[in-house]
Structure formats: C-alpha cells, structure tokens
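One structure is given here, and the rest of the page talks about it.
The values are calculated or read from the model by the stated rules, or taken from the named source; none is laboratory data. All figures in this text were calculated on a predicted structure; none of them were measured in a lab. Please note: Cβ atoms are built from the backbone with ideal geometry, for glycine as well, and neighbour counts cover all protein chains shown.
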Amino acid sequence: MVVKNFIYMQDIKFALYAIKKNIQNSAELKTSFLMNIFGMAINNTAFIIIWIFFVKTVGVINGWMASDIVGLLGFSTLCFGIILSVGDGLRRLPDLVSSGSFDRFLLSPKNLLIRIATSSFGPSAVGDAVFGAICLIIYGILINATLIQVLLIVFLVIITSIIFLSLVIIIFSTSFLFIDSDQVTTGIFNFFLTPGLFHGGAFHGLMKLFFTFIVPSLLVGTIPIEIVRDLSMGKLLLICVLALFWFFLSIKIFNKCVKKYESSNFMTFGN
Amino acid sequence: MKAIRLTSKILKTLIKDRMHYPERLIVDTLSILSRFVVLILLYSYVYKINGGLINNTTFVVAAWSMFFYFSFMILNLRRIAIYIMQDVKSGNVEVLFSKPISYIFYRFWWQIGLGLYSFIIITIVGGIALYLAIGFPSTFGTNIFLFTVPFIFIGGVILSLIIYTIVGLLAFWLEDINPVYWIVDKAVMILGGSYLPVALFPIIMYKIALFSPFGASQFLTHSVYDSWQGNWYELFGIQIFWIIILGLVLYFMFKGVKKKVSVNGG
C-alpha cells in the first residue's frame, strides 16, 4: 500500500473542484442548507451567553474580560468551521473504515488525505465559520484593534486552522485502530474540543501546560487571544512552531494508521 | 404484562450490549473528563481567587450541582430526537409502526436502556471520587433531599424524553431537524446549569430557568442548594405542569404523525 506524501498543484486543483461540487450539492437542498447554517450560528451563541454571565458573576479572571470570550469563541468556531466544512470527509473516516468503503479511496490516484477530506461537505460547519468570523469582527471592534492586531488575528486564524486540521487528522486516524471507532473518535474529539471553548482565564499552572502541549485545546482559542491582547511575540513564535510540529506529526500518524487498514473489512462477497 | 416484558427485554438486551462493548463506557468517561473534571478544576481556581464564596454559594455545592447535570447527561436522553429522525429518513418508522407495540414507549425505553449502564457506573464512580475530593454538601443529609431526589430525577427523565421526542417527531414535517435540536439542546444546557451552576445565574436568567420546560427538565441540579428545602414542592409543581402540557402536545402531535404515515408493506 503506497500513500502519497507530497501535495502537488494538481491535488490542490482537485481539492478545490471537489469542494465546489460538494457545496453545489449541499446547496441543492436550499432550506436544509440555510437552516443548518443559521441553526448552528444560533447554537453557538449559547457559549457566549454562558461565559458572559460567568464573567458578570465571577468578575475578571487573569485579565480576561467579556470581549476576550467573544474573541476566544471567534477563533475556535472559525477554525472549526473552516476545517470541518470543506474537510468534513475526515469526520466520516470511522464509518468509511468500518463499512469497507475506504477501499475506493485507496484505489484513487489522487492524494489520499485530500481525497478523504474533500469527499464530503459539512453545511452546519459553515454556520460555525460565519459565527466565528462575526465574533472576531466584534472582538476587533471591542478592543479597538490596531492594524497590527488585525493582521495578527488574520494570521492566527490560519495558524489555528492548521493546528485544528492536524488534530482532526490525528484523532480520526485512530479509526483504523479500534473496532467501535465511531464512538471512540467522537469521545477523543470532544476531549480535545471542549476545553478550547472554556473561559481561557481560568486555566493556570499544570492544567494550562497540559492543554497547551499534551492536548493542545488552548492553541485554537485561548493562546491566540493572549497573543493578540498582549502582542506577545514569544507566544506567537511558540504557536507557529507547535503548528508545524502537530501538522507533520499528523501526516506521519495518518500514514502509519492507514497501513493498519485491511481491505475487505466488510465481507460483502462481491455484492 | 406484555409491556413490562418488552421493557425488561429492551433494558436487559441494551445493558448486555453496552457491557460487551467497553469502548462506549470509555467514550462516556472521556466526555465526563473533558467537561466536568476540567470545569471542576477551573471552578476550584475561580472560587479560590474569590475567597471561597460566589453568590453565597460554596464550591462544594456548585460542584455537586454540576455533577448532577453531567451525570444526568450520561443517560443521553436527548439522542431520542436523532433516532426518531433516522427512523423517519430510513423508513424504519414504517416497520416499527406496524408492530403491536407503542412506537413512542418503545423509543423511550430504548433510549433509557442505551445510557443506563454508563450512567450507573459513571455516577457511582464519579460520585465516590467527588466525595473523596471535596466531600458532601450539608443538604445531602436532610430527609427532604433523600426523599425528593428520586422523584425529581424521574420527573426530569420523563420531561426530557417528552421534549426531545417532540423535536424528533418534527422530522415528519421538516427536512432536517438538526437546527431545532441544537437550539433546544443548548437551551437545556444553559438553563439546566451545565457550565454555570444555577446559583450563579443572574435573577432574570434564574426566573427563565425556573419557569421554562428546558430548565424544569434539569431541576435535579437545584436539589443540592439550601433553597431546595423551602421550594422543592414549587419546583415539583412546575415540572409536573410541563410534563402534562408537553405530554398533551406530544399526544396530539403523534396522532397527526400517524395520519401522515402510510404503511405500504413489502
């Protein structure tokens, strides 16, 4: 089994084409498509409501104010939305592996990872992306962001998206290792995602280290907010290094896990 | 008699199934770890820097209130909406309608059975761990607490099942119920006292939590507070009121659903 390690121009062209077709396909069911987007945007406001009430009741913790919570959710939901809308296929990996449908991806001459990621589109994640973008605009207005801070926000959205993508690849690659992988990957994914939606100021000491370096949940929301707020170049360098580390690690883990796949997982006897 | 046999069969089968696949227990444990344990650690820090008291509520009380919420969530009753939607989309609902059993009660017991094993294990282990870590609130020793908790829990289960079944039945009219499901689910999450315990709610939000069906389905989280000793009957009344009202809505909705479905057989 040979897994392509490099991404060529033709792979990118194919990915863009697949994404375009997926969007057109989803948009066919117009009502459902729009309801998913707006429903998810409303759904996300729940976290803002909770944490703003938390700040009002508890007060400012470690310099974190209500505006920072808006920014935190902006980063988390925007990178979630970007990655899991165009790369929704990664979330379907457990199902593809357990049903044996993964065979057809292996037979494709395209880059395997891109082929899987762009095999499906998540309309509800577009709602996350829209919500995240609005939150970041509001955050910028609330903190009277300077030009440097605006550029930092844009740059950090790219970096956090890379980190988020890497973690999604790692988590869903474990589909090749477990029997009931759908349940397991969902559990691990929630374990990674949830702390990133919590009030960033309340993380301190060992817990902050754990959720920065071991399970990098804080890299997709809390740390970017601290970088924008404090204009911390040290943390900016750290997050860039960690993004590269997680990205290369994810590709390595994915390639290793794919080798565990056994064709004919599902005995259909040619049916 | 038939109904009791069916119920016990469903519960036994699903508990055996869950015991056979320990991965699902691991998933539920991870879910509790990622939410509750992290939250408890955060709140312990927040309480520490606020002198141990927020809104006249101690950390121990807030922690147990949140534990009750997350423990209840392990039952995963909300998924009944998704299973009903899947039944409708796959056409399985036709098969189930043609059987000599009540579809709604079958789905109720199925949903309870799916989460029961994880709920029992995690609640016992988590409860012991939390007791060893922070102890019990003083209210736990009172007769009112011991007598009322089972009833408010059962009321919460019934009300949750009714709310999410209503959402699920919307699948007969809507292409995709997910957006409605998310909104209802988040209303329960906010008003039930998940990430922010009920005692820390601002007054307006507390009133909404008290008088809405979403908050009423999670009244179990109120039982740890001192105020429970004086207002438990009021909260019981509100919960029963919503069970009756939404139960009637469900009844008439299901009547409409039965008219909408035509079982065509093979």
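Values as computed for the structure displayed
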item: Residue match in the stretch A:96-105 (condition: farther than 29 Å from A:Tyr8 by Cα, part of a helix (DSSP H, G or I) and at pLDDT below 95); result: yes
item: Flag for A:Gly87 being more than 14 Å from chain B (Cβ to nearest Cβ), among the small types (Gly, Ala, Ser) and buried (at least 18 other Cβ atoms within 10 Å of the Cβ); result: yes
item: Residue in the stretch B:141-187 that is surrounded by the most Cβ atoms within 10 Å (Cβ to Cβ), counting only those that are in a loop (DSSP other than H, G, I, E, B) and within 14 Å of chain A (Cβ to nearest Cβ); result: B:Ile177
item: Within the stretch A:112-153, considering residues that are of a type in the set (Ser, Thr, Tyr) and at pLDDT 90 or above, the one nearest to A:Phe14 (Cα to Cα); result: A:Tyr139
item: Test: residue in the stretch A:106-115 that is of a type in the set (Ser, Thr, Tyr) and out of contact with any Ser or Thr (no Cβ under 7 Å at 6 or more places or on another chain); result: yes
item: Per-region count, the stretch B:32-78, residues within 8 Å of another protein chain (Cβ to nearest Cβ), in a helix (DSSP H, G or I) and more than 20 Å from A:Gly196 (Cα to Cα); result: 1
item: Qualifying residue in the stretch A:174-188 (condition: away from chain B (no Cβ under 14 Å) and either in contact (Cβ under 8 Å) with a residue 12 or more places away in the chain or in a helix (DSSP H, G or I) (or both)); result: yes
item: Pairs with Cβ under 9 Å, 6+ apart, first in the stretch B:1-30 and at negative phi and away from chain A (no Cβ under 11 Å), second modelled with pLDDT of 80 or more and surrounded by fewer than 12 Cβ atoms within 10 Å (Cβ to Cβ); result: B:Lys2/B:Pro100
item: Residue satisfying all of: in the stretch B:188-209; part of a loop (DSSP other than H, G, I, E, B) and surrounded by 20 or more Cβ atoms within 10 Å (Cβ to Cβ); farthest from the chain's Cα centre (by Cα) among these; result: B:Phe201
item: Selection status of A:Leu193, touching a residue at least 60 places away in the same chain (Cβ under 8 Å), part of a helix (DSSP H, G or I) and within 9 Å of chain B (Cβ to nearest Cβ); result: yes
item: Among the candidates A:Ile214, A:Ile239, A:Ile251, A:Ile225, residue that is at pLDDT 90 or above, under 30 Å from A:Leu107 (Cα atoms) and not charged (D, E, K, R); result: A:Ile251
item: Conditions (1) surrounded by 19 or more Cβ atoms within 10 Å (Cβ to Cβ); (2) charged (D, E, K, R); (3) at pLDDT below 90: number failed by A:Lys56; result: (1)
item: Inter-residue pairs, beta-carbon under 8 Å, first facing chain B (nearest Cβ under 7 Å) and in the stretch A:36-56, second in a helix (DSSP H, G or I) and among the polar types (S, T, N, Q), 6+ apart; result: A:Asn36/A:Ser124; A:Asn36/B:Asn178; A:Gly39/A:Ser124; A:Gly39/B:Asn178; A:Met40/A:Ser124
item: Matching entry among A:Leu206, A:Leu165, A:Leu219, A:Leu242 (being out of contact with any Leu (no Cβ under 9 Å at 6 or more places or on another chain) and part of a helix (DSSP H, G or I)); result: A:Leu206
item: Single match in A:Phe198, A:Phe192 (criterion: closer than 20 Å to A:Ile69 by Cα, modelled with pLDDT of 85 or more and surrounded by 24 or more Cβ atoms within 10 Å (Cβ to Cβ)); result: A:Phe198
